[in-house]
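The values are calculated or read from the model by the stated rules, or taken from the named source; none is laboratory data. Being a predicted model, the structure only gives us computed values, none of them experimental. Using ideal geometry, Cβ is built from the backbone for each residue, glycine included, and neighbour counts are taken over all protein chains shown. Note: areas computed on protein heavy atoms with side chains; ligands, DNA, RNA excluded. Shrake-Rupley method; radii C 1.70, N 1.55, O 1.52, S 1.80 Å.
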Amino acid sequence: MALRNIRVEGDSILGKISKPITEMNEKTLTLIEDMLDTMYEANGVGLAAPQVGILKRLVVIDVSEEGDEPIILINPEIIDKDGSQTGEEGCLSVPGKSGVVTRANYVKVRAFDENMDVFELEGNGLLARAIQHELDHLDGVLYTTKVEGELTVNK
Ligand code: NI
């Protein structure tokens with residue numbers, strides 16, 4: 001298990017556009033493993049590669065209760081979305097804060113897995129929110145730019 005350092009708000013890498021992954025290799029497989037370890041250790045439900053300083057289009061998500069349903073999305077693209085949900089959101093790169101964001105309530109995403117096989121995934125509710133939040137990171141967008149009203153500082 002190897003933990004990566006999570007970059008926090010103010011780090012310019014969080015505002016940059018990530019590049020597609022063109023082939024799988026040992027380095028990227030290790031990155032995936034490390035990102036999962038880092039996300040679980042931080043009790044997060046998602047983590048994007050730029051959050052650990054790597055500008056690649058890769059995110060990991062796990063919204064399950066037990067933290068045993070990891071989802072790996074490489075070069076993900078949202079191909080369908082529907083509905084809307086408004087709720088509290090936070091980010092491992094913006095520690096101690098949260099804010100209300102409106103997102104689609106349903107998304108369908110097309111991505112590659114760690115074998116570089118293409119697949120599609122549908123998500124509702126929290127999973128849809130996590131997908132949209134993490135994909136924003138790949139385009140250098142933090143949820144704080146989408147918050148309605150004030151950011152809440154959590155004690
Ligand atoms: Ni985030």
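Quick notes on this one:
- In the chain, helical runs assigned H by DSSP with n ≥ 4 each contribute -39500 (n - 2.57); averaged across all residues and rounded to the nearest 500, the mean residue ellipticity at 222 nm is -6500 deg cm²/dmol.
- R4 long-range amide H proximity, modeled H, under 5 Å: T38
- The label-point distance for D68 and D11, in a model that sets each label 7 Å from Cα toward Cβ, rounds to 3.1 nm.
- Across the stretch 18-28, coupling constants 3J(HN,Hα) worked out from phi with the 6.51/-1.76/1.60 Karplus curve, θ = phi - 60°, read 7, 9, x, 8, 9, 8, 8, 8, 4, 4, 6 Hz, and Gly and Pro carry x.
- Within the accessible surface of the stretch 67-155, defined with a 1.4 Å probe on protein heavy atoms only, the carbon and sulfur portion equals 46 percent.
- Overall Cα dimensions of the chain, principal axis frame, Å, largest first: 43, 33, 32
- Most mobile of V100, V52, V60 in a GNM of the chain (Cα contacts under 10 Å): V100
- Sequence of D139, D82 from largest to smallest accessible area, 1.4 Å probe: D82, D139
- With at most 16 neighbouring Cβ atoms within 10 Å, loop GluC sites (Glu not before Pro) (DSSP) excluded, longest segment of the chain: 67-113
- Relative contact order of the stretch 7-155, defined on C-alpha pairs under 8 angstrom at six or more residues apart (%): 26 percent
- Note on the chain: with charges restricted to the Cβ of Lys and Arg (+1) and Asp and Glu (-1), its dipole about the Cα centre is near 700 debye.
- Whether the stretch 37-99 is rounded, prolate or oblate, judged on the alpha carbon gyration tensor where a/c under 1.5 counts as rounded: rounded
- For I21, residues with placed amide H under 5 Å, excluding near neighbours: R57, N75
- Solvent-accessible area per residue, Å², over the chain with all protein chains present [probe radius 1.4 Å]: 52 Å²
- Note on K16: lysines with a C-alpha under 20 Å away, same-chain residues under 8 apart excluded, are K56, K146.
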